[in-house]
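Asker: Handing you a structure now.
The values are calculated or read from the model by the stated rules, or taken from the named source; none is laboratory data. The model shown is predicted, which means the values in this text are computed figures rather than measured ones. With ideal geometry, Cβ positions are generated from the backbone for all residues, glycine too; neighbour counts draw on all protein chains shown. These accessible areas exclude ligands, DNA and RNA; they are computed on the full protein's heavy atoms, side chains included. Shrake-Rupley method; radii C 1.70, N 1.55, O 1.52, S 1.80 Å.
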Amino acid sequence: MLLNYSVKGYKVFYDKVEFSMIADNYIKKNRENLIKNVANKFDLVKSAFIYGANNTGKTCFLESLHFFINLIKSEQIILEKYDKNIFYNRKDDLEFKIDFSDGDDIYSYEITFSKERIKQEIFIKNNEVLLNREKPDRELTKILELIGENNEKLYLFRLSQKHKKSVETFLNFLNKFEFLNNSTNFDVSEILDNNSFNEINSLIKNFDFSIDTLIDATDIVNEIKKEQKIDEEILEKLRLFVKYNFKNFSEEIPFGIIDSTGTKKTTKFIYTFLNAIKNNKILIIDEIESSLHTLVTKALIAYYNSHDNTNSQLIATSHDLLLLDDKYLLRKDQIWFIHKDNEGNYLYSLSDFKENSENDTRGNVMIKYLKGLFGALPEPKWFDD
């Protein structure tokens, strides 16, 4: 499970910003939105949503996480090509840190590097330092003497055999992240070859009253393949049909032909959410509400926060302010803001505003936000006057 993440020096983030999925225990409402007693220590929120004006860093924050994960997986940094903060000079550093849990164990990894070299790596398990790049232990020193030091290679992957399991745990954790874009494109096989096809079918019918059912036409397509030479890509799309009922008229057509952008995106989210919940993934979505009606977005979020989800997490950006005023949908510690001014960028949670904590009955967060009480607002000025 993701506990905390921080970044400094990536693109627009001149200063360090910190983000947390650890729940605020002073908030007693919406307890079903929590994953409880993680590592026998924390309650975590199942989902978190980041608000803010355009061009303040919401997308950039998600990108930084993606960049950091790919950096670790590549096992090295090509220092000449890494993404610098556009407001930094070439001498400044990039810093990333992530805390996560695995079973009863708590891990922490942080890295600092510049254009010239990796300056520091620290890897910790349950308060035991497994790696300190600046001060390598005896075993790592011996390894470096044999294979040589390297300014671009991560020493995380050069740890001795006794720490290999911890490194594998870290990589397994990073592999749980799944980044979604706003495209409505998806492979038909992701629905049809999914063990949850019946569940997906049921949920889609609930979201769209015109859809009677999804139809698996794989057997028909296989027969066509035997008789005719047709483009494989076209045949793949013909594996999935949808049956529409409207005014006592019924029609079966290939899925996606007349379906709205919102219907296709909802379908993509449904099977992605189901897969994430069943495989304990961490979903990252930019502008979750794009092409969706507010009530559909609320339904998807409510499902993700429900008892069906026991170990999956979601981080998303949003501009849908109506989500803020549903007191049964999100806790205060699930709502985050990014604010930018001439001094820098700031990332903070609604629960940081303690004077509004439990005596606030909700239903007026959107009004307070639009009045500027939480910052993170645009100030458009179209005309001089």
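Asker: Using θ = phi - 60° and the Karplus form 6.51 cos²θ - 1.76 cosθ + 1.60, what ³J(HN,Hα) does each residue of segment 320-337 get, whole Hz, x for Gly and Pro?
Answerer: For segment 320-337, the Karplus-derived couplings read 7, 6, 5, 5, 5, 9, 9, 5, 9, 8, 10, 7, 5, 7, 9, 10, 10, 10 Hz, x marking Gly and Pro.
Asker: At R0 = 25 Å, how high is the FRET efficiency between residue 55 and residue 117 if r is their beta carbon distance? Nearest 0.05 is fine.
Answerer: 0.20
Asker: Given a 1.4 angstrom probe, I'd like the percentage of the accessible area of segment 48-197 that is carbon and sulfur, rounded to a whole number.
Answerer: Carbon plus sulfur share of accessible area: 41 percent.
Asker: Rounded to the nearest percent, how much of the accessible area of segment 235-330 (1.4 Å probe, protein heavy atoms only) is carbon and sulfur?
Answerer: Solvent-exposed carbon and sulfur of segment 235-330 make up 55 percent of the total.
Asker: Apply the Karplus curve 6.51 cos²θ - 1.76 cosθ + 1.60, θ = phi - 60°, to the phi angles in segment 11-23 and return the couplings in whole Hz, x for Gly and Pro.
Answerer: Calculated HN-Hα couplings, in order: 6, 7, 8, 5, 9, 5, 10, 10, 10, 9, 9, 6, 6 Hz.
Asker: Pick out, in residue order, every one of the trypsin sites (Lys or Arg not before Pro) in segment 10-73 that is DSSP loop and has at most 10 other C-beta atoms within 10 Å; say none if there are none. Numbers along the way, then the final one.
Answerer: On the way: sites: 11, 16, 28, 29, 31, 36, 41, 46, 58, 73; in loops: 11, 16, 28, 29, 41, 46.
Those satisfying the criteria are 28.
Asker: Using Cα positions and a limit of under 24 Å, work out the lysines in reach of residue 268, with same-chain residues fewer than 8 apart set aside.
Answerer: 46, 58, 176, 205, 237, 243, 278, 281, 298
Asker: Quick query: amide H of residue 130 versus all other amide H atoms, modeled in the peptide plane; which residues come in under 5 Å with a sequence gap of 5 or more or a different chain?
Answerer: Close amide H contacts, sequence-distant or interchain: 123, 124, 125.
Asker: How many Å² of accessible area per residue for segment 213-363, probe 1.4 Å?
Answerer: Normalised by residue count, the accessible surface of segment 213-363 is 49 Å².
Asker: Rank by packing, highest mean first: peptides 187-200, 370-383, with packing defined as the count of other Cβ atoms within 10 Å averaged across residues.
Answerer: The packing order, highest mean first, is 187-200, 370-383.
Asker: If DNA, RNA and ligands are ignored and the probe is 1.4 Å, what is the ranking of 21, 1 by accessible area, most exposed first?
Answerer: In descending accessible area the options line up as 1, 21.
Asker: Still on this structure, I have one more. Go through segment 132-140 residue by residue and turn each phi into a ³J(HN,Hα) via Karplus (6.51, -1.76, 1.60, θ = phi - 60°); whole Hz please, and just put x for glycine and proline.
Answerer: Result, rounded to whole Hz: 9, 4, 5, 10, x, 6, 4, 5, 5.
Asker: Could you check what % of the DSSP bridge pairs in the chain are antiparallel, to the nearest 5?
Answerer: Around 80 percent antiparallel, to the nearest 5.
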